[in-house]
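**Q** Below is one structure. I have some questions about it.
The values are calculated or read from the model by the stated rules, or taken from the named source; none is laboratory data. Predicted model, so just to flag it, every value in this text is computed and none were measured. Using ideal geometry, Cβ is built from the backbone for each residue, glycine included, and neighbour counts are taken over all protein chains shown.
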Amino acid sequence: MIEELKDDAKERMEKTLEALGHSMNKIRTGRAHPSILESVTMSYYGSATPLSQVANISVLDARTLAVTPWEKNLVPDIEKAIMKSDLGLNPATAGEVIRIPMPALTEETRKGFIRHARQEAENSRVSIRNIRRDVLSDFKELLKDKDITEDEDRRAHDDVQKLTDRFIGVVDEALAVKEKDLMEI
């Protein structure tokens, strides 16, 4: 019973890290990377489809992405989808290839992105702590119902705390890496 609860907590914390990774990828660093366009979707035969499923996204140079659609007639739709996204990118079409130059980041925008990254990291930390709180309350219920002993409860508390500390450390590392990327010129 205790192991199942700990495994569930670990699984939920891993999902929190995965969500953090997705949100950190949306924060651009001034360098071109295909993951920046992961959140962009477009209407393709009536359904919202991720850009990566209708086009090839590649890096031309450090500051330029190239989007090559599988079908020629999708070029204007892809261009509109990129402009409508909240990424602040302005695509330029050259025949079948859409080039997306990454604007240079000013000091002010860098600081704004760092604030955003810190907020995302804090939200992840809060989520991880909430998972810990839920599991610890489950342990208290088990102890109250006399399904586990006090020693087992104490050991389980320690294990969950170590797990929480480990995942919060990973969040802090991810934030440090993103901050370093954002401060590079």
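**Q** Tally time: how many residues in segment 13-56 are within 15 Å of the chain's Cα centre (by Cα) and either of a type in the set (Gly, Ala, Ser) or part of a helix (DSSP H, G or I) (or both)? Show your work before the answer.
**A** As a first pass, look at segment 13-56 and keep what is within 15 Å of the chain's Cα centre (by Cα): 13-29, 33-40.
From the residues that got through so far, the ones that are either of a type in the set (Gly, Ala, Ser) or part of a helix (DSSP H, G or I) (or both) too are 13-26, 34-37, 39.
Matching residues across segment 13-56 total 19.
**Q** Filter segment 46-91 down to the residues that are among the hydroxyl-bearing types (Ser, Thr, Tyr) and either in contact with a Pro (Cβ under 8 Å, 6 or more places away or on another chain) or over 22 Å from residue 103 (Cα atoms) (or both) and list them by number.
**A** Step one: of segment 46-91, the residues among the hydroxyl-bearing types (Ser, Thr, Tyr) are 47, 49, 52, 58, 64, 68, 85.
Of everything in segment 46-91, those that are among the hydroxyl-bearing types (Ser, Thr, Tyr) and either in contact with a Pro (Cβ under 8 Å, 6 or more places away or on another chain) or over 22 Å from residue 103 (Cα atoms) (or both) turn out to be 47, 49, 52, 58, 64.
**Q** So which residues in segment 91-111 are without any contact (Cβ under 8 Å) to a residue 12 or more places away in the chain, exposed (fewer than 12 other Cβ atoms within 10 Å of the Cβ) and on the phi < 0 side of the Ramachandran plot, if there are any at all?
**A** First, pick out the residues of segment 91-111 that are without any contact (Cβ under 8 Å) to a residue 12 or more places away in the chain: 92, 94-95, 106-109, 111.
Within this subset, residues satisfying the condition of being exposed (fewer than 12 other Cβ atoms within 10 Å of the Cβ) are 92, 94-95, 106-108.
The answer is 92, 94, 106, 107, 108.
**Q** On to the next question. From the list 114, 78, which residue is in contact (Cβ under 8 Å) with a residue 40 or more places away in the chain and either assigned to a helix (DSSP H, G or I) or polar (S, T, N, Q) (or both)?
**A** Working: 78 fails: in contact (Cβ under 8 Å) with a residue 40 or more places away in the chain.
Just one listed residue meets the conditions, 114.
**Q** Quick one: residue 61 ticks every box in (1) crowded, with 18+ Cβ neighbours inside 10 Å; (2) in the same structural domain as residue 91 (by TED's automatic domain parsing) bar one, so which box is it?
**A** (1)
**Q** Looking at segment 139-154, which of its residues are without any contact (Cβ under 8 Å) to a residue 60 or more places away in the chain and exposed (fewer than 14 other Cβ atoms within 10 Å of the Cβ)? Can you show your working first?
**A** Initial filter on segment 139-154 (without any contact (Cβ under 8 Å) to a residue 60 or more places away in the chain): 140-141, 143-146, 149-151, 153-154.
140, 141, 144, 145, 146, 149, 150, 151, 154 - these are the residues of segment 139-154 that are without any contact (Cβ under 8 Å) to a residue 60 or more places away in the chain and exposed (fewer than 14 other Cβ atoms within 10 Å of the Cβ).
**Q** Of the residues that make up segment 150-163, is at least one of a type in the set (D, E, K, R) and assigned to a loop (DSSP other than H, G, I, E, B)?
**A** Taking segment 150-163 first, the residues of a type in the set (D, E, K, R) are 150-155, 158-159, 162.
From the residues that got through so far, the ones that are assigned to a loop (DSSP other than H, G, I, E, B) too are none.
No, the conditions are met nowhere in segment 150-163.
**Q** Return the only residue of 85, 58, 35 being closer than 26 Å to residue 175 by Cα and touching a helix residue (DSSP H, G or I) at 6+ places or on another chain (Cβ under 6 Å). Give the steps one after another, and end with the answer.
**A** Details: 85 fails: touching a helix residue (DSSP H, G or I) at 6+ places or on another chain (Cβ under 6 Å); 58 fails: touching a helix residue (DSSP H, G or I) at 6+ places or on another chain (Cβ under 6 Å).
It is 35.
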